[in-house]
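Have a look at the structure below before the remarks.
No lab work stands behind these numbers, since they all come straight from the coordinates. Keep in mind the model is a prediction, meaning the values are calculated, not measured. So basically every Cβ, Gly included, is an ideal-geometry build from the backbone, and we count neighbours across all protein chains shown.
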Amino acid sequence: MTNIGCKTLCKAKNLLLILLLLQISACTGQPKEKSIPETKENEAITQPIMLRQNTTFPQIHTNLNGMVREFVRTMYQDIKGSYWFGTNGDGIIRYDGQKLEKITIAGISPYFRVLEIVEDTAGNLWFGTSEGLIKYDGQEFTTFSKEEGLQNGEIWGLAIDKNGLIWVGATGGVAHFDGEKFVPFYLPDAMVENPKSMLSHQLVFKIIEDKQGTMWFATDGNGIFTYNNGKFAHLTTKNGLVDNNTADLLEDSQGNIWIGTFYGGMSKFDGKTFTNFTRDGIIAGEETYNLYEDSKGNIWFTAEGYGVYRYDGNSFGQYTTEDGLTSNVTLSIFEDKKGQVWFGSWQGLCIFDGEKFMDAKHKEPWTN
């Protein structure tokens with residue numbers, strides 16, 4: 001999910017101090033300090049809901065009962081129906097059907113970033129975070145970091161292949177994990193001319209496995225690598241890619257690979273030909289990401305500053321704040337088991353029910 005582009009984050013960081021000063025009058029006060037009871041190692045505890053917490057921007061729509069200061073970066077609903085919200089700096093928030101709670105994991109700061117959430121066939125949840133790889137087995141949380149062999153840095157790319165191997169893309173490089181040990185996975189040394197890495201030339205923003213078992217790696221400034229049966233291919237602007245700064249990848253139900261970029265907009269690759277919808281003037285916005293295919297086969301994605309697009313197989317529909325979207329800078333997209341599509345931004349969460357956008361709390365009161 002859905003991931004925010006680095007460029008968005010950098011812009012926001014640069015404006016943060018100014019925005020905080022401007023928004024003091026709109027904030028509801030600092031949360032009181034809370035003591036955290038001692039727990040067994042890696043045992044999860046829950047904190048009381050924080051009703052009074054500063055936010056970076058005024059919240060037009062719900063911010064999960066005051067628990068989100070910035071934005072929800074990724075969302076997921078597990079096989080049991082529980083909702084999981086990965087935040088930008090406020091850790092993990094869960095709704096299990098009865099209560100909305102912030103999860104704190106012993107041994108790490110509660111103020112960490114969550115960039116990806118995936119679930120394996122056994123029902124274990126895996127979180128790619130700024131504190132390493134976190135596993136939840138339904139009972140307790142276990143954290144894997146450099147000490148366990150994980151490549152150093154926060155995790156952006158996270159995928160589980162058909163064999164159950166967990167692929168991890170961190171700022172320090174790529175590794176895979178078989179449940180027992182991490183093994184570094186080295187991409188080829190091939191580099192584009194003048195790569196414009198935002199965080200690290202070793203970073204992979206997105207990892208997917210396609211229907212043929214090929215692994216795809218969207219890199220930080222070095223195009224896309226594919227890997228199958230020991231063979232690599234390198235997709236760059238020299239052989240059809242619109243931009244080497246790739247932000248997101250999605251294989252749709254038809255087998256097409258959708259490619260979001262930071263400077264070249266949105267493309268689609270059918271295995272032979274690239275189609276660039278932005279360059280061809282079909283859509284607007286050069287920074288595109290948060291690719292998501294819903295249960296009806298619609299492709300959703302963010303175009304920064306231009307809201308979100310939905311492709312129904314024939315044409316694109318554009319949705320902005322004029323249609324009820326919370327913000328034209330949307331940072332996460334997700335569909336729940338009810339068929340509702342959720343959108344997260346700096347100014348809260350909204351839901352599209354198939355007809356209109358609305359504040360999430362009006363459809364799901366527990367988000368209030």
Task: Pairwise FRET efficiency - Ala190 versus Asp252, Cβ, R0 = 22 Å, nearest 0.05 - done: 0.20
Task: Directionally averaged shadow of the chain, computed from the convex hull of its alpha-carbon atoms, nm² - done: 18.1 nm²
Open item on the list: Give me the extension gain from Ser295 to Val118: residue separation times 0.36 nm, minus the current Cα-Cα distance, reported in nm with one decimal.
Closed with: 62.0 nm
Task: Reduced Cα scattering model of the range 298-357, Debye log10 I(q)/I(0), q = 0.15, 0.21 Å⁻¹ - done: -0.37, -0.75
- [ ] Return the calculated 222 nm mean residue ellipticity for the chain, to the nearest 500 deg cm²/dmol, obtained by summing -39500 (n - 2.57) across DSSP H runs with n ≥ 4 and dividing by the residue count.
- [x] -1500 deg cm²/dmol
Task: Of Lys162/Lys238; Lys268/Lys356; Lys102/Lys211; Lys99/Lys296; Lys102/Lys363, pairs whose Cα-Cα distance is over 24 Å - done: Lys162/Lys238; Lys268/Lys356; Lys102/Lys211; Lys99/Lys296
- [ ] Would you grab the residues whose amide H sits under 5 Å from the one on Leu325? Only those 5+ places off in sequence or on another chain, please, with H modelled 1.01 Å from N.
- [x] Thr320
Open item on the list: Using each residue's phi in the range 160-177, evaluate 6.51 cos²θ - 1.76 cosθ + 1.60 at θ = phi - 60° and report the 3J(HN,Hα) Karplus result to the nearest Hz, with x for Gly and Pro.
Closed with: 10, 7, 5, 8, x, 6, 9, 9, 10, x, 10, 4, x, x, 9, 9, 10, 9
Open item on the list: Only four residue types carry charge here, +1 at the Cβ of Lys and Arg and -1 at the Cβ of Asp and Glu. Report the dipole size of the range 170-264 about the Cα centre in Debye, rounded to the nearest 20.
Closed with: 160 debye
Open item on the list: I need Asp248, Asp210 ordered by Cβ neighbour count within 10 Å, fewest first.
Closed with: Asp210, Asp248
Open item on the list: Just to confirm the filter: which GluC sites (Glu not before Pro) across the range 105-141 are DSSP coil and have at most 15 other Cβ within 10 angstrom of their Cβ?
Closed with: Glu140
Task: the chain - charge dipole about Cα centre, Lys and Arg +1 at Cβ, Asp and Glu -1, debye rounded to 20 - done: 600 debye
- [ ] Name the residues whose placed amide hydrogens come within less than 5 Å of the amide hydrogen of Leu249, ignoring near sequence neighbours (fewer than 5 apart) on the same chain.
- [x] Gly260
Task: Relative exposure of Lys361, Lys231, judged by other C-beta atoms within 10 Å (fewest first) - done: Lys231, Lys361
Task: Listed residues Gly221, Thr321, Ile282: farthest to the positive end of the dipole of the chain (Cβ charges) - done: Thr321
Open item on the list: Considering only C-alpha atoms, what is the centroid distance from the range 225-273 to the range 289-350, in Å?
Closed with: 21 Å
Open item on the list: Taking θ = phi - 60°, what integer Hz values does the Karplus form 6.51 cos²θ - 1.76 cosθ + 1.60 yield along the range 198-205, in sequence order, with x for Gly and Pro?
Closed with: 8, 10, 6, 5, 8, 6, 10, 6
Open item on the list: If the only charges are +1 at each Lys and Arg Cβ and -1 at each Asp and Glu Cβ, what is the size of the charge dipole of the range 73-182 around the Cα centre, to the nearest 20 debye?
Closed with: 260 debye
- [ ] In whole Hz, with x marking every Gly and Pro, tabulate ³J(HN,Hα) for the range 92-100 from phi via Karplus 6.51 cos²θ - 1.76 cosθ + 1.60, θ = phi - 60°.
- [x] 9, 10, 10, 10, 9, x, 10, 9, 9
